[in-house]
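Visitor: Here it is, the structure in full.
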Amino acid sequence: MDEHIAATIDSNAKNWVVKNLADKPGYKSVNYSRIDSIVLSYRNDSAYIRLEDSIMQIEALRFQEMGENFKLFNERKESGYYEKKQAEYRKKQERIKQKVEPNFIGYKVDHHFTVTDSSGAALLNKYILCFDKNGNLTRVIR
């Protein structure tokens, strides 16, 4: 990343904070993280994520059946049902990994800060400020 983009990100982040956070009761900046790249990859692919969820659901089913229906659990364990289902999902994930190319989309900066709640307690918060390839703020994640 060149110095101009870094300076643009820094300026845009601080301007957004001034406009949107600085007037909150008890606002106090804690820190800004280093600028980091945002790269979309297979791990961001919705189909890959659903398959990961399916693998976890099979694992949860294994434990549920172990406790609630031990006979069925033993039958499925002996037949390799749980492992076969998970392997099927992992095979589909591998195909997604092969197809999805990493794609650099921009940068992010984490901003940690405290604000005061109604009782006077300081609450730690974190916002993630997302920027495009040119350093323009595109979105803020709470």
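The values are calculated or read from the model by the stated rules, or taken from the named source; none is laboratory data. All values reported here derive from a predicted model rather than from experimental measurement. Backbone-built Cβ (ideal geometry, glycine too); neighbour counts: all protein chains shown.
Visitor: Quick one: would you say Gly120 is at positive phi and either assigned by TED's automatic domain parsing to the domain that holds Asn31 or hydrophobic (A, V, I, L, M, F, W, C) (or both)? Give the steps one after another, and end with the answer.
Guide: Details: at positive phi: yes; either assigned by TED's automatic domain parsing to the domain that holds Asn31 or hydrophobic (A, V, I, L, M, F, W, C) (or both): yes.
So Gly120 passes the test.
Visitor: Further question: Output the qualifying pairs, or none if there are none: Cβ atoms under 8 angstrom, residues six or more apart or on different chains, first residue in the range 79-94 and more than 18 Å from Gln64 (Cβ to Cβ), second residue among the aromatic types (Phe, Trp, Tyr).
Guide: Sorted first by the residue in the range 79-94, then by its partner, the pairs are Gln93/Tyr42; Gln93/Tyr48.
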